[in-house]
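I have placed the structure first, in the form of structure tokens, so that the comments after it can refer back to it.
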Amino acid sequence: MGDARRILGASGPFATQIDSYQSRVGQLEVADAVERIMSDDGVLLCEAGTGIGKTFAYLVPALLSGRKVVISTATKALQDQIAERDLPLVQSILQTDVRVAVMKGLGNYLCRRRYREFFLSPEALDQNFSRDLEEVKKFAESTQSGELVELRRIRESAPILTRVNSSSETRIGAQCPYFNDCWVTKMKQAAEAAQIVIVNHHLFFADLSLRGPHPGRVLPDYDAVILDEAHQVEDTAALFFGLRLSESQIDRLVRDSGRLLNRVRRGSAAEKKAGVSPVVELARQAKERLFDALRKAFPPGRHVLNREHFLGGHKASWENLLAQLDALGQTARAWQRDVEESDERESLEQLYRRAAQAEEGFRGIIDGQEGRVTWLENISGKLSLSSTPVDMSLLLRDRLFDDIPAVALVSATLSTSERRASDQAAKKKNGLPGFRFVRARLGVEEPALELQVDSPFSYQEHCLLYTPQDLPEPRDPQYLEAAAERAWQLIDAADGGAFVLTTSHQAMRFFHSYLESKVPRGDLFCQGEAPKDQLLNQFRATTSSTLV
């Protein structure tokens, strides 16, 4: 009997220390499988239905393994749940004191340098920022983690957050005067010292994409990785092994360029140089001209592009933007000779790199490559361009499965067929039939350990699926109001406790506005009006509330 099975079993410490604990056969099977690859290396494909208790099933063997383990989840919410609730409970039961670190994307942290620069800039005097800036000031003076999610009184979409947060584009490294006191630096130091590092898929694959022939890295080196919610692995990996440029990204580049060049110009020899404002303004105008034209040409949604889209009527606008990005970068490079402070030289070098990377990214998307798909997304009026490999299997096999000794992919939905009695016999020849598709898509070769465990829940007996037949078509102008009214009828019939999911921010805002006059005051919440964890806590606090 494995240690994890004994610990999670009917006579183990979980059963004796947790009230109403029930040992589940499926959970023990998952724990056995994770323990095996932690001990012997290899790849595990595990589909564990809802209610199995898969989090405890992989946390126990991960803690007992003594290995450096990265646990990657699809969402920051699950990251926080594991770090703040699940792992402390498991450690207390096992009486272990293993070091644990949580790593999130740079954009989740306040950048001391960018905050100071913004605080001293003319933009900070704008009334749109004054109230939020005071909250950020208090936060900067008191926070221990630097995580912007602690800013409870600032809405998630507040513009000030993009002015003061850290990012890979704006981080200048050891040359920064705040480097040793930087929250990102401290996060990385904690991760280096930890045995268990909890990340999300975006950060994991951002790191994996850097570990190539000329390796860089975001995460510390590790021996094993557990990819929870692994059904999202292929789509997330495609984002980081491809190219993506958004209108918002270029907006930030232009805005940061203007602020930096104007700051550096003051009191320096560069003051005498002409053209600072023009080079930034010309880049802004070129961006506006191109993206406004694309907005008119492509309605909301996702649109596959081919080379003709770049060589047709928008060719002049593309070429103008590329030229202005090059001019912006060359200006930053030339100005480096006129500044004395090392952090300002590094900031100008970084600006040069950002402009060059944006130009290179656009050229890569325009040129296209065999085996890639290129598309444009228009979401709520904001545009982005992407080019990603159609087949991720070779990349993932090379960067992940052939390089990391132990990899566990765990999800409630990973296979493409139901388990049958004949499956175990079939596995001896070709693996479980339901995993053939995901193995081919992800590049998982034999031998691989495969496990499929059914959910203990009886959905047929305890769930009701309601599919209205009388609503207008989604493209009908009357659809949103009719759907919102039907949602209200269901919310009212259930006495609240409703989670309303929409397919766009526009629909989300409409539903929220429609429900405001019907749902009792204080019982209605909407994504974006506060940090996600705060909204979820408010939603859970009462059985009658509704979250859109």
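Computed from the coordinates by the stated procedures, all read-outs in this text should not be read as laboratory data. Note that the structure is predicted; figures quoted are calculated from it, not measured. Quick reminder, even Gly has a Cβ in these numbers, built from the backbone with ideal geometry, and neighbours come from all protein chains shown.
May I ask for the Rg/Rh ratio of segment 152-250, computed from Cα atoms with Rh as the Kirkwood radius, given to two decimals? That ratio equals 0.97. Rounded to the nearest whole Hz, the Karplus-based 3J(HN,Hα) values (6.51 cos²θ - 1.76 cosθ + 1.60, θ = phi - 60°) of segment 454-459 follow the sequence 6, 5, x, 7, 9, 5, with x at glycine and proline. Charged side chains reduced to their Cβ positions (Lys and Arg at +1, Asp and Glu at -1) give the chain a dipole of some 1080 debye around its Cα centre.
For the set 76/137; 76/138; 138/186; 76/296; 186/287; 138/287, the pairs lying more than 30 angstrom apart at their alpha carbons are 76/296; 186/287; 138/287.
If the Kirkwood radius is taken over C-alpha pairs of segment 306-351, then at 20 °C and 1.002 mPa s the Stokes-Einstein diffusion coefficient equals 173 µm²/s. Among the GluC sites (Glu not before Pro) in segment 102-163, those placed in a DSSP loop whose Cβ has at most 16 other Cβ atoms within 10 Å are 156. The chymotrypsin sites (Phe, Trp or Tyr not before Pro) of segment 441-548 that DSSP puts in a loop, and whose beta carbon has at most 11 other beta carbons within 10 Å, are 466. Projecting the Cα atoms of 81, 128, 71 onto the charge dipole of segment 1-145 (Cβ charges, centred on the Cα centre) puts 128 farthest toward the positive pole. Rg then Dmax, both in Å and based on the Cα atoms of segment 23-107: 13.1, 41.
Can you compute the helix-only [θ] at 222 nm over the chain? Use -39500 (n - 2.57) per DSSP H run of at least 4 residues, normalise by all residues, nearest 500 deg cm²/dmol.
Values: 24 runs with 263 residues, N = 548.
That calculation yields -14500 deg cm²/dmol at 222 nm.
Loop-located trypsin sites (Lys or Arg not before Pro) in segment 474-514 (DSSP state other than H, G, I, E, B) with a sparse environment of at most 11 neighbouring Cβ atoms within 10 Å: 475. Once amide H atoms are placed 1.01 Å from N in the peptide plane, what residues at a sequence separation of 5 or more from residue 198, or on another chain, have their amide H within under 5 Å of its amide H? Here the answer is 71, 101, 102, 103, since their amide H atoms fall under 5 Å of that of residue 198.
Where both residues lie in the chain, what percent of DSSP beta bridges are antiparallel, nearest 5?
Numbers: 19 of 50 bridges.
Within the chain, antiparallel bridges account for around 40 percent of the total.
Simple rule: put +1 on each Lys or Arg Cβ and -1 on each Asp or Glu Cβ in segment 104-170, find the dipole, and look at 143, 119, 160; the Cα lying farthest toward the positive end is 143. Diagonalising the gyration tensor over the Cα atoms of segment 55-199 and scaling each eigenvalue by 5 before taking the square root yields semi-axes of 34, 16, 12 Å, largest first. Compactness ratio for the chain: Cα radius of gyration over 2.2 N^0.38 Å (N = residue count) comes to 1.07. Here residue 54 is the anchor, and the aspartates and glutamates within straight C-alpha reach of less than 12 Å, apart from those fewer than 8 places off in the same chain, are 29, 32, 86, 228, 229, 454.
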